[in-house]
Amino acid sequence: MTPTIAQVALPVPLHKTFDYRITNEMPVVGGRVRVPFGKQYKVGIVVALTNTSEFPLEQIKPINAVLDSTPLWTPSLYKVLNWASRYYQYPLGDALATVMPGALRKGKPAVKDREKCWQLTEAGKEQPLSALTRAPKQARVLTLLRQGAMTHSDLLEEELSATILKAVEEKGWIEAIKEQRAKPWQQSYEVVEDKPRLNSEQAMAVATINANPEFACYLIEGVTGSGKTEVYLNLLEPVLKRGQQALILVPEIGLTPQTINRFKRRFNVPVVVMHSGLNDTERLNAWLAARDNEAAIIIGTRSALFSPCKSLGIIVVDEEHDASYKQQDSFRYHARDLAVMRGHEENVPVVLGSATPCLESLHNAKTGKYHHLTLSVRAGNALKTQNGVLDIRGLYLEAGLSAPLIAEMRKHLSQGNQVMLFLNRRGYAPALMCHECGWLAECKRCDAYYTLHQSSNELRCHHCGSQRPIPHQCGSCGSTQLISVGVGTEQLEAQLETLFPEYKTIRIDRDNTRRKGALEAYLNAIHNKEYQILIGTQMLAKGHHFPDVTLVALVDVDSALFSNDFRAPERLAQLFVQVAGRAGRASKPGYVLLQTHHPEHALLQSLIHKGYDSFAAEALNERKMAYLPPYSYFALLRAESHHSGEVEQFLHQARTVLDASPIPEDECAVMGPAPAPLHRRAGRFRWQLIFQAPNRKILQQRLTMALPAIRQLPLSKKVRWSLDIEPQDM
Ligand code: ADP
Ligand code: ZN
Ligand code: ZN
């Protein structure tokens with residue numbers, strides 16, 4: 001029987017689909033339709049075709065337009081997306097809208113808008129150029145096109161205007177054609193660059209992974225500079241040779257021209273880049289090139305994982321430990337986990353690489369879920385960095401710097417080298433205090449102190465973004481004796497300028513790299529040695545190599561050792577190893593120093609003396625004892641409202657619903673409601689419920705059973721709430 005009804009997932013925050021009547025054109029499952037919704041039209045995805053509905057046919061509105069004649073995604077990717085929507089408890093229509101290019105979301109056709117091209121006519125081919133000495137631009141058009149057709153925009157880039165092209169067209173010398181579909185890249189695939197001979201560990205990794213073109217997950221643990229990228233390039237060879245595509249994920253900050261160029265230089269195949277900076281047309285074209293196998297290599301950040309690929313051969317996730325793989329709002333997926341899921345569905349190998357794998361991945365390697373491959377030697381004989389702990393107990397600190405650190409800095413600077421300091425705290429000082437009575441300037445909308453920003457002369461709240469002028473008087477006793485408490489990067493910068501007036505200091509943090517291209521410009525200036533002292537938050541630690549930096553110091557590691565966030569020590573260890581790997585070169589080994597009041601701390605000791613692997617083994621052991629991930633799985637139900645009582649009540653009701661559901665308590669624990677770590681933010685009171693289960697299945701069962709009833713609670717419509725499955729920040 002021909003289906004009469006389409007079930008459509010729409011981009012609305014509701015966990016259901018909507019029925020629409022099929023008119024003359026038959027939609028496809030996985031393709032888009034435009035449908036009336038309330039007073040407007042919406043673009044949605046058809047998830048099923050059927051003949052039955054709970055509504056009488058005459059009440060069902062007809063589809064307004066069928067937008068696709070084929071599904072947008074391959075069946076395997078579509079399956080992954082459906083799974084992700086269920087697992088992350090995010091409405092399917094919203095999830096699908098999130099992962100499709102903006103142009104498709106707006107209903108544009110899913111076909112490449114091929115550009116206008118110009119070619120010579122017979123008359124144009126014969127026209128003697130010597131007759132055009134007084135029209136040099138026109139002559140140039142003919143000269144360029146005699147080498148072959150060119151696109152309109154390429155001609156404009158040759159400093160020719162649309163007016164000139166029009167004039168030449170009117171003379172009958174050139175004509176417009178639609179851009180030709182390029183010859184399939186598979187026909188001319190070649191390795192076009194001389195490549196280094198792999199060392200034995202690299203060769204072993206390549207051979208192991210290439211031995212099996214089917215799904216398996218590999219964890220390549222290799223110190224920075226050990227040649228992981230070189231391994232990826234070698235893995236791509238047989239894939240591309242078979243005519244299949246490679247999907248490469250990189251962290252947000254790692255998508256540099258250098259990385260992209262290494263893939264472009266090695267093979268003569270089309271490479272597309274996917275990141276948040278693309279406009280609608282660029283994004284759609286990249287997406288279509290991936291879908292139609294016109295792009296052989298797709299490199300991109302987190303969301304590039306959702307590029308459909310007609311013929312996928314391998315997935316690589318570089319710097320797999322990076323926090324940017326987790327989406328932190330709306331559709332809170334983890335791109336690394338979904339990459340493994342996708343590899344499984346598409347039956348292709350998944351390669352995770354890092355110098356500092358996350359504990360979850362190491363655990364998977366240990367338990368045999370992943371194959372563990374190690375690259376232990378730095379390519380090009382680079383020396384290993386030295387490191388040391390600076391015990392600062394009882395020492396006088398100048399803007400957080402101890403005398404031994406300052407002396408060490410002076411030594412390195414006087415030898416013509418660069419020095420890099422890390423401090424993960426923006427601003428001048430984390431608080432402003434009254435010296436008379438102890439009053440602290442507090443954000444009115446958050447349970448947090450204002451950060452003092454001296455350069456912009458204001459107090460700023462890092463949680464809600466509100467700001468105000470620096471007060472001259474205490475808000476409690478009226479005293480004018482206000483002092484700053486603690487040290488931020490701005491203060492460190494000011495102090496260094498006083499301590500080392502003969503050297504130039506540069507600070508790199510979110511405050512001064514907002515402008516597009518700013519970070520790139522600073523990094524270039526650093527490479528040109530325009531600055532000798534570099535101060536940064538962790539954004540400086542990623543993806544950049546600093547060959548002239550010979551001393552790296554972590555100014556304050558204590559806050560990470562004693563943080564409430566159980567992942568803080570892991571992140572500190574990753575930062576430590578990453579910065580160590582980025583500094584120095586063969587002739588100039590790097591030296592890494594940590595300032596701490598707890599030099600005897602066990603995790604610090606094993607990190608310093610035995611390296612990341614020992615640290616990770618001990619940290620995993622601690623997680624096991626404490627029943628923390630990867631030995632258990634968390635979910636967080638966050639809720640917030642201007643009325644504290646309302647949120648609390650909502651979560652109490654949710655808790656009652658959960659307690660009534662049949663899974664025994666010891667299988668999936670529910671904790672709370674409890675105030676969230678920052679209880680009040682931007683004027684809203686925040687509460688949370690924590691779920692903890694021994695595995696993903698139980699966690700998901702528990703949530704799936706209770707959520708429909710929770711969504712029915714009247715308060716669920718009054719408070720803002722969301723679910724974060726396997727949250728990264730708790
Ligand atoms: P990673 O990705 O682990 O940081 P890369 O692949 O970027 O390491 O390698 C670091 C440097 O060493 C690069 O300049 C690369 O060209 C070079 N390199 C990698 N493998 C080899 C090798 N087998 N022989 C010589 N040089 C190599
Ligand atoms: Zn605030
Ligand atoms: Zn006071």
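The values are calculated or read from the model by the stated rules, or taken from the named source; none is laboratory data. Just so it is clear, the structure is predicted and the values come from calculations on it, not from any experiment. For neighbour counting, all protein chains shown are included, and Cβ atoms are generated from backbone atoms with ideal geometry for every residue, glycine included. Heavy atoms of the whole protein, side chains included, go into the accessibility calculation; ligands, DNA and RNA do not. Shrake-Rupley method; radii C 1.70, N 1.55, O 1.52, S 1.80 Å.
Counting only strands (runs of 3 or more DSSP E) that fall entirely inside the stretch 445-555 and contain at least 2 residues that are under 19 Å from Leu397 (Cα atoms), the qualifying elements are 482-485, 533-536, 549-554. Each residue in the stretch 699-712 was checked for being open to solvent by 20 Å² or more (accessible area, probe 1.4 Å), of a type outside the set (Ser, Thr, Tyr) and over 16 Å from Phe650 (Cα atoms), and 3 pass. The set of residues in the stretch 430-469 that are within 15 Å of ligand 3 (Cβ to nearest atom) and open to solvent by 30 Å² or more (accessible area, probe 1.4 Å) comprises Met433, His435, Glu436, Cys437, Gly438, Trp439, Leu440, Glu442, Tyr449.
Scanning the stretch 563-579 for residues that are among the charged types (D, E, K, R) and not in a helix (DSSP H, G or I), we see that the one that is surrounded by the fewest Cβ atoms within 10 Å (Cβ to Cβ) is Asp565. Checked against (1) touching a His at 6+ places or on another chain (Cβ under 7 Å); (2) within 30 Å of His463 (Cβ to Cβ), Ala365 passes all but condition (2).
Inspection of the stretch 72-81 identifies no residue that is in contact with a Ser or Thr (Cβ under 9 Å, 6 or more places away or on another chain), among the β-branched types (Val, Ile, Thr), assigned to a helix (DSSP H, G or I) and modelled with pLDDT of 90 or more.
Among the residues of the stretch 224-242, some residue qualifies, meaning at least one is under 28 Å from Arg302 (Cα atoms), of a type in the set (Asp, Glu) and touching a Leu at 6+ places or on another chain (Cβ under 8 Å). So, Ile209, is that one touching a residue at least 24 places away in the same chain (Cβ under 8 Å), open to solvent by less than 60 Å² (accessible area, probe 1.4 Å) and farther than 25 Å from Val271 by Cβ or not? No, not satisfied. Checking each residue in the stretch 217-245 for being open to solvent by less than 10 Å² (accessible area, probe 1.4 Å) and either within 21 Å of Pro357 (Cβ to Cβ) or of a type in the set (Lys, Arg) (or both) picks out Cys217, Tyr218, Leu219, Ile220, Gly222, Ser226, Val231, Tyr232, Leu233, Leu235. Scanning the stretch 10-52 for residues that are in contact (Cβ under 8 Å) with a residue 60 or more places away in the chain and assigned to a strand (DSSP E or B), we see that the one that is most open to solvent (accessible area, probe 1.4 Å) is Arg34. Would you confirm whether any residue within the stretch 623-634 is open to solvent by less than 40 Å² (accessible area, probe 1.4 Å), in contact (Cβ under 8 Å) with a residue 60 or more places away in the chain, in contact with a Pro (Cβ under 8 Å, 6 or more places away or on another chain) and of a type in the set (Gly, Ala, Ser)? Scanning the stretch 623-634 turns up at least one residue that is open to solvent by less than 40 Å² (accessible area, probe 1.4 Å), in contact (Cβ under 8 Å) with a residue 60 or more places away in the chain, in contact with a Pro (Cβ under 8 Å, 6 or more places away or on another chain) and of a type in the set (Gly, Ala, Ser). Just one of the numbered conditions (1) at pLDDT below 95; (2) farther than 19 Å from Gln595 by Cα is not true of Arg426: (2). Evaluate the stretch 525-544: report whether one residue or more is surrounded by 19 or more Cβ atoms within 10 Å (Cβ to Cβ) and either within 16 Å of Gln386 (Cβ to Cβ) or touching a His at 6+ places or on another chain (Cβ under 6 Å) (or both). No: zero hits. On the basis of being on the phi < 0 side of the Ramachandran plot, crowded, with 16+ Cβ neighbours inside 10 Å, under 25 Å from the mean Cα position of the chain (by Cα) and more than 16 Å from ligand 1 (Cβ to nearest atom), does Asp729 make the cut? Considered against the rule, which asks whether it is on the phi < 0 side of the Ramachandran plot, crowded, with 16+ Cβ neighbours inside 10 Å, under 25 Å from the mean Cα position of the chain (by Cα) and more than 16 Å from ligand 1 (Cβ to nearest atom), Asp729 comes out as no. For the stretch 153-204, the candidate set comprises residues that are under 30 Å from Gly243 (Cα atoms) and of a type in the set (A, V, I, L, M); within that set, the residue that is most open to solvent (accessible area, probe 1.4 Å) is Met204. For the stretch 99-124, a tally of residues being open to solvent by 30 Å² or more (accessible area, probe 1.4 Å) and modelled with pLDDT of 95 or more returns 2.
How many residues does the stretch 580-616 hold that are free of Cβ contacts under 8 Å to residues at least 12 places away in the same chain, assigned to a helix (DSSP H, G or I) and among the small types (Gly, Ala, Ser)? Looking only at that region, the number is 1.
For the stretch 246-276, the set of residues classified as open to solvent by 50 Å² or more (accessible area, probe 1.4 Å), within 21 Å of Thr98 (Cβ to Cβ) and free of Cβ contacts under 8 Å to residues at least 40 places away in the same chain consists of His275, Ser276, listed by residue number.
So that you can scan it fast, the table gives a plain yes or no per residue for (1) under 25 Å from Arg571 (Cα atoms); (2) crowded, with 21+ Cβ neighbours inside 10 Å; (3) not hydrophobic (A, V, I, L, M, F, W, C):
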{"residue": "Ser614", "(1), (2), (3)": "yes, no, yes"}
{"residue": "Ala619", "(1), (2), (3)": "yes, yes, no"}
{"residue": "Ala660", "(1), (2), (3)": "no, no, no"}
{"residue": "Pro694", "(1), (2), (3)": "yes, no, yes"}
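Checking Arg510, Arg514 one by one, the residue that is in contact (Cβ under 8 Å) with a residue 40 or more places away in the chain, more than 16 Å from ligand 3 (Cβ to nearest atom), open to solvent by 90 Å² or more (accessible area, probe 1.4 Å) and of a type outside the set (Phe, Trp, Tyr) is Arg510 and no other.
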